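This report concerns only the one structure given below.
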Amino acid sequence: LCDFGMPILYHGARYNCRVLICDRKVLMIRPKTSMADSGNYRESRYFTAYQPPSTSNSSDSGSGLSSSSAYEQFQLPNAWQENFGQKIAPFGTLSLQCANGVTIGCESCEELWTPQSAHINLSLGGVEVIGNGSGSHHELRKLHARLELMISATRKCGGVYLYANQRGCDGGRLYFDGCAMIVCNGQVLAQAKQFDLQDVQTIVATIDLDDVRGYRASIPSFGIQVAQMTNKASKLLVSCDVIADSRKTGDGTVLTPSEEIQLKYHTPEEECCLGPACWLWDFLRRCGAAGFFLPLSGGADSSSVATIVGCMTKMVTKA
């Protein structure tokens, strides 16, 4: 199962969407419902926050959707229809239910930070695995805030949270510091590097979803709020199984669940040096320049810049 982020033009409005694809089929398109407009972000300049329709317009009674939520149908581009034979895809605030019962949902970036986060309704609606494709830039000690949100979300509601963040310089003054994470039931199982020169770093973890189900069943207040929900997250039934049922691999290796890891935090001094150093290198290689011209006055500013450039050169030579 692949989760892609892309802009979608639908009924004349631009939406920032997650597109979930498996075996060359678009399973669902999930538009973002909360825009990032604070600080350095102006997302509403380019996208519209999606508002789900109040009633279902689907006539397919076998779609697997609950009657309390609605979704729409998106007509896929002609090129997709010609190459893969699929004409339409579900569009809305959906989650997926696989043939083996595993439920998967997603939220995007800012939705993790909002008071009424999407993962709350997803978790209370039975979704076990939640993905988040994010574009969160580096600020001093911001990683602490991200981790607190994900740990708190999965500790209260249980579940698996898969967090992927953009890494690098995007041609502007911001640096996106990556640090993808896998969190389960309030425990961090895998963490990518926060500052690195590689565009992509992949992390993996082995998780027993029975641990999620048992964790949720052990919280009486969670069950009460599930029973009280009147508008549960829509689930779309799909025939594919994207999560293995067996505890053994093809070569007979027995899989054991990953254990909680020791979190890696940089000191404030390291962040002040490594963040700008990574930005300098990414900007340099993207623009195709031969190097930097560094005038030295002997003051604090030029000395700091020289230190950051020195850090950059060390990271490049070690890479």
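Taking the criterion of being among the charged types (D, E, K, R) and either under 22 Å from THR313 (Cβ atoms) or under 16 Å from the mean Cα position of the chain (by Cα) (or both), the residues of the stretch 176-215 that qualify are ASP177, LYS193, ASP196, ASP199. Selection of the stretch 253-295 for residues being charged (D, E, K, R) and open to solvent by 70 Å² or more (accessible area, probe 1.4 Å) yields GLU259, GLU260, LYS264, GLU269, GLU270, ARG285, ARG286. Within the stretch 232-277, restricting attention to residues that are in contact with a helix residue (DSSP H, G or I) (Cβ under 8 Å, 6 or more places away or on another chain) and within 26 Å of GLY101 (Cβ to Cβ), the residue that is modelled with the highest pLDDT is PRO257. Those strands (runs of 3 or more DSSP E) of the stretch 71-170 in which at least 3 residues are over 16 Å from the mean Cα position of the chain (by Cα), considering only elements entirely within it, cover 72-75, 88-91.
Scanning the stretch 184-212 for residues being under 29 Å from ALA89 (Cβ atoms) and not in a loop (DSSP other than H, G, I, E, B) gives a total of 2.
Taking the residues in the stretch 1-34 that are within 15 Å of the chain's Cα centre (by Cα) and either among the acidic types (Asp, Glu) or not in a strand (DSSP E or B) (or both) as candidates, determine which candidate is nearest to LEU76 (Cα to Cα). Filtering first and then ranking leaves ASP3. Of the residues making up the stretch 217-230, not a single one is surrounded by 10 or more Cβ atoms within 10 Å (Cβ to Cβ), closer than 25 Å to ALA190 by Cα and in contact with a strand residue (DSSP E or B) (Cβ under 9 Å, 6 or more places away or on another chain). Filtered by the rule that a residue be in a helix (DSSP H, G or I) and open to solvent by less than 70 Å² (accessible area, probe 1.4 Å), the stretch 296-311 gives SER302, SER303, SER304, VAL305, ALA306, ILE308, VAL309, GLY310, CYS311. For the stretch 32-50, the criterion of being within 20 Å of SER239 (Cα to Cα) and at pLDDT below 95 is satisfied by no residue at all.
For every residue, the table says whether it meets (1) touching a residue at least 40 places away in the same chain (Cβ under 8 Å); (2) open to solvent by less than 70 Å² (accessible area, probe 1.4 Å).
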| site | (1), (2) |
| --- | --- |
| TYR15 | no, yes |
| ARG18 | yes, yes |
| LYS25 | yes, no |
| ARG30 | yes, yes |
| MET35 | yes, yes |
| ASN40 | yes, no |
| GLU43 | yes, yes |
| GLN51 | no, no |
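Which of the numbered conditions does VAL160 fail, given that it passes all the others? Conditions: (1) surrounded by fewer than 18 Cβ atoms within 10 Å (Cβ to Cβ); (2) in contact (Cβ under 8 Å) with a residue 40 or more places away in the chain; (3) not aromatic (Phe, Trp, Tyr). Unmet condition: (1).
The values are calculated or read from the model by the stated rules, or taken from the named source; none is laboratory data. Predicted model, so just to flag it, every value in this text is computed and none were measured. Every residue, glycine among them, receives a Cβ derived from its backbone with ideal geometry; neighbour counts consider all protein chains shown. Side chains included, ligands, DNA and RNA excluded: accessible areas come from the protein's heavy atoms. Shrake-Rupley method; radii C 1.70, N 1.55, O 1.52, S 1.80 Å.
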